[in-house]
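The values are calculated or read from the model by the stated rules, or taken from the named source; none is laboratory data. Since this is a predicted model, take the numbers as computed values, not measurements. Using ideal geometry, Cβ is built from the backbone for each residue, glycine included, and neighbour counts are taken over all protein chains shown. When the accessible area is computed, the model is the full protein with side chains, heavy atoms only, and any ligands, DNA or RNA have been set aside. Shrake-Rupley method; radii C 1.70, N 1.55, O 1.52, S 1.80 Å.
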Amino acid sequence: DRQGRTDFRPWETVTIDGEHARDFDDAISIDRLPNGNFWLAVHIADVAHYVTEGSPLDTDAYERSTSVYFPERAVHMFPSELSTGLCSLNPHVDRLVQSCLMEVDRKTGAVVRYEMHDGVIHSHERMTYDGVNAILTDRNPAMLERYRPLVPMFERMHELFEILNMRRRRRGSIDFDLKESQIVLDDEGLVAAVIAAERNVAHRIIEEFMLLANETVAAHLEQHHVPSLYRVHEVPDPAKVEVFDEFITT
């Protein structure tokens, strides 16, 4: 399985997900180049290596169409041996990935060079959003000590996030920063409450990195005239814009 793939196993790599995440689809590596730019790698689990087009797995997944996540369990498109096993970027084991490597200008946040690889990684740690936030925002002594070898990497992530976020704002992007709903169950498995899940800097770091990788891959596909599906936002109805403009003016 590893033959012909780029070996990223020596790289410092981590996953960052929610506390109760059941599978890990993406992982991050980040370094600083001699010229001061960032060398960011976004690794995505290579499900297609195991699920070939037209195979029984592919047919069954097509019938199911998506994974469904409930508060206490998940019904996956694929058997657990894949969904939470071989296709989940679990820590301390080798996993196959598709990787987008991007050199990001340290001043402008622009991608000045990129590479695409079929790779293999060996995640060093399964991190949570709260854990990374405790390191970067709270500077929690216990967490800083526990993850001491990885702290410089998290600090590089935070530095790059601020550069990318500032670039996106300059481009006119609206950062809604909306909270997601979190369902709280009681001992009998019934809904006890629906609360707003707290968002922190770690959520925003991962979102910014995934957005950059998506844009880089989309630009690559367009440049090479690969037929692709895009979600676009059509020009709004002028009459509705006028009504909205009157409303917000007040």
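Any residue in the range 109-117 that is among the basic types (Lys, Arg), within 21 Å of residue 153 (Cβ to Cβ), out of contact with any Cys (no Cβ under 7 Å at 6 or more places or on another chain) and open to solvent by 80 Å² or more (accessible area, probe 1.4 Å)? Explain how you work it out, then say what you get.
Of the range 109-117, the ones among the basic types (Lys, Arg) are 113.
Filter once more, so that each one left must be within 21 Å of residue 153 (Cβ to Cβ): 113.
If we keep only those that are out of contact with any Cys (no Cβ under 7 Å at 6 or more places or on another chain) too, we end up with 113.
Right, trim to open to solvent by 80 Å² or more (accessible area, probe 1.4 Å) and you get 113.
Yes, the range 109-117 contains at least one residue that is among the basic types (Lys, Arg), within 21 Å of residue 153 (Cβ to Cβ), out of contact with any Cys (no Cβ under 7 Å at 6 or more places or on another chain) and open to solvent by 80 Å² or more (accessible area, probe 1.4 Å).
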Fill in: Filter result (in a loop (DSSP other than H, G, I, E, B) and not aliphatic (A, V, I, L, M)) within the range 49-75
50, 52, 53, 54, 55, 65, 66, 67, 70, 71, 72, 73
Worksheet item: Out of the residues in the range 49-67 that are in contact (Cβ under 8 Å) with a residue 12 or more places away in the chain and open to solvent by less than 50 Å² (accessible area, probe 1.4 Å), which is farthest from residue 152 (Cα to Cα)?
Response: 61
Fill in: Only one of 138, 130, 177 that is assigned to a loop (DSSP other than H, G, I, E, B) and surrounded by 10 or more Cβ atoms within 10 Å (Cβ to Cβ)
138
Fill in: In the range 30-43, residue farthest from residue 111 (Cα to Cα) [restricted to those that are out of contact with any helix residue (DSSP H, G or I) (no Cβ under 8 Å at 6 or more places or on another chain) and surrounded by 11 or more Cβ atoms within 10 Å (Cβ to Cβ)]
43
Fill in: Selection status of residue 75, touching a strand residue (DSSP E or B) at 6+ places or on another chain (Cβ under 8 Å) and over 25 Å from residue 132 (Cα atoms)
yes
Practice prompt. From 162, 188, 115, 145, grab the single residue that is assigned to a strand (DSSP E or B) and without any contact (Cβ under 8 Å) to a residue 40 or more places away in the chain.
Written response: 115
Discussion item. Please go through the range 92-106 and give me each residue that is free of Cβ contacts under 8 Å to residues at least 40 places away in the same chain and either among the aliphatic types (A, V, I, L, M) or within 25 Å of residue 211 (Cβ to Cβ) (or both), ordered by number.
Written reply: 93
Worksheet item: Are there any pairs, at least 6 apart or on different chains, whose C-beta atoms fall under 8 Å, with the first in the range 210-237 and in contact (Cβ under 8 Å) with a residue 12 or more places away in the chain and the second of a type in the set (Ser, Thr, Tyr) and open to solvent by less than 100 Å² (accessible area, probe 1.4 Å), and if so, which?
Response: 216/114; 218/228; 220/114
Item to complete: Of the numbered conditions (1) at pLDDT below 95; (2) closer than 21 Å to residue 120 by Cα, residue 63 fails exactly one; give the number of that condition.
Response: (2)
Discussion item. Report every pair of residues separated by at least 6 positions or lying on different chains whose Cβ atoms are under 9 Å apart, first residue within the range 68-91 and of a type in the set (A, V, I, L, M, F, W, C), second part of a loop (DSSP other than H, G, I, E, B) and loosely packed, with under 12 Cβ neighbours inside 10 Å.
Written reply: 77/65; 77/66
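With β-branched (Val, Ile, Thr), under 28 Å from the mean Cα position of the chain (by Cα) and either farther than 30 Å from residue 73 by Cβ or exposed (fewer than 13 other Cβ atoms within 10 Å of the Cβ) (or both) as the only criterion, which of 243, 201, 217 stands out?
Within the list 243, 201, 217, the selection yields 217.
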Worksheet item: So residue 222 fits all but one of (1) under 28 Å from residue 127 (Cα atoms); (2) open to solvent by 60 Å² or more (accessible area, probe 1.4 Å); (3) not in a loop (DSSP other than H, G, I, E, B); what number is the exception?
Response: (1)
Worksheet item: Taking interchain pairs and intrachain pairs at least six residues apart, which have beta carbon atoms under 9 angstrom, with the first residue in the range 19-48 and modelled with pLDDT of 95 or more and assigned to a loop (DSSP other than H, G, I, E, B) and the second aromatic (Phe, Trp, Tyr) and open to solvent by 10 Å² or more (accessible area, probe 1.4 Å)?
Response: 33/39
